[in-house]
Amino acid sequence: MKTTTIFSFLLLLMVSSVTFAQDELQITAKDSIVQSSWIFGVGLNAVDDSGNVFDGIFNVGEEWNIVPFPSRLSIGRYFKSGLGLEAIGTYNQYKEGNIIDGEINLEDISYFGVDGRVTYDINKIIGETGWFDPYVGVGAGYTDANNKGRGTYNAVVGFRTWFSDRWGLDFNSTGKWAMSQSEGATNHIQHAAGVVYQFGIEKGLSQRGEEKLELLAAIEKEKQRQTDSINEVNRLKDEALLAERLKKQQEADALAAAEKAKVDAINKRKTEIKSRIENLGNVYFGLNSSVVNYSSKKVLDSLVQVLEEIPTLTLKITSHTDSRGTSKYNDWLSQRRVDKTKDYLLSKGVPAEKLTTEAYGETMLLNECDDNTYCPEDKHAVNRRSEFVIIEF
């Protein structure tokens, strides 16, 4: 009994270990790092040009000069090797009453600086920390301070701390040594703090991530070896299913083609019949008349012939008037015209079920000749008509 209990415990421990190992082998965001990017920064800078930098390094009130608005812009390109190239522009103002070069400053004096530098990511030596990036660097620039322009040799130490792949904070201090101290140009130190934004990012795996990736590749290779045999067995089955689908698709395509041909034939026939009827022309009436005259009878006789040749054809007869007269009168007149047109066709032996009628009065004029427009008689005559619309064929 005791042996069984121990064996069960060991088995449970092995299963738990395998599960934990599989979870550990997941490639996550923690296994990736930013390897190269552009970084844009904006922030504040403080200049200590007291001439007593290291003795009063934290004497902010009397020796640091700061303006209360963003006064530093930077743009840099950072490479996989850990090296970075950065350009920086700063503005500041020596405050009246602060210590400048060991003396009390008597007025506000503008400060301008343009610098370029090369930095190195210390994480390349100590190992990636993900959120904390210390760096050192050297460079050169030009500074106009205390109304004295001078080229400078620069050395910087600082760090960036990241909240995400794109946003972070940058803190650094730069010592600036004048290339020439003629005309009283001195050395000074410049501190900076600001927000940085990272773009043009190229990411890669950390060392830990690379190790995980190699192990996952080995596991995947073994899984592939096991599934290859299953895939081979299923291949023939898939080919048979594909052939069946292809056959069904071909049958469906054939049915669709036949249906399309049928529809095309019907539409072609309808177009031909419509064209034939339209070519006969309309039935026209005299002013205030519903009499089917000689020329209109010739049109209707030709229409009878079409109806006899196409036994399935049914039509709707529509009759109209011109705009002269009242609407009520024109409604009555168009009804008489449609009735007279239908009666003539019935008298020629056309079955009544092949004909329907509708009277529109003056509501469907074919031209501009309405109640507000003067038109000659020949234009009004165009609107006094009966027309024929195909219902079925």
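Structure data summary
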{"read-out": "Cross-link partners of residue 268 among lysines (Cα-Cα below 25 Å; sequence separation of 8 or more within a chain)", "value": "260, 316, 354"}
{"read-out": "Shape of segment 31-205, Cα gyration tensor, a/c cut at 1.5", "value": "prolate"}
{"read-out": "Mean separation of Cα contacts under 8 Å, 6 or more apart, over the residue count of segment 263-393: relative contact order %", "value": "36"}
{"read-out": "Computed magnitude of the charge dipole of segment 281-392 (debye, nearest 20; Cβ of K, R +1, Cβ of D, E -1)", "value": "320"}
{"read-out": "Qualifying aspartates and glutamates (Cα of each under 19 Å from Cα of residue 237; at least 8 residues distant if same chain)", "value": "228"}
{"read-out": "Kirkwood hydrodynamic radius (C-alpha pairs) into Stokes-Einstein, the chain, 4 °C and 1.567 mPa s, D in µm²/s", "value": "40"}
{"read-out": "Per principal axis, descending, Cα span of segment 174-313 in whole Å", "value": "119, 73, 22"}
{"read-out": "On Cα atoms only, tilt of 2-24 relative to the major axis of the chain in degrees", "value": "80"}
{"read-out": "Acute angle (nearest 10 degrees) that the helix 294-309 long axis makes with the longest principal axis of the chain, alpha-carbon atoms", "value": "70"}
{"read-out": "Rel. contact order, % - alpha carbon contacts under 8 angstrom, at least six apart, segment 81-134", "value": "40"}
{"read-out": "Dipole in debye (nearest 20) - the chain, about Cα centre, beta carbon charges: Lys, Arg +1; Asp, Glu -1", "value": "2420"}
{"read-out": "Set 221/248; 328/379; 124/148 screened for pairs whose C-alpha atoms are more than 27 Å apart", "value": "221/248; 124/148"}
{"read-out": "Shape category assigned to segment 241-393 from the gyration tensor of Cα positions, a/c cut at 1.5", "value": "prolate"}
{"read-out": "Additional length obtainable on full extension of the chain from residue 260 to residue 120, 0.36 nm per residue less Cα span", "value": "43.2 nm"}
{"read-out": "Relative contact order of the chain, defined on C-alpha pairs under 8 angstrom at six or more residues apart (%)", "value": "12"}
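Laboratory data are not the source of any read-out in this text; all were calculated from the coordinates shown. Because the structure is predicted, anything quoted here is derived from the model rather than measured. All Cβ positions, glycine included, derive from the backbone under ideal geometry; neighbour counts span all protein chains shown.
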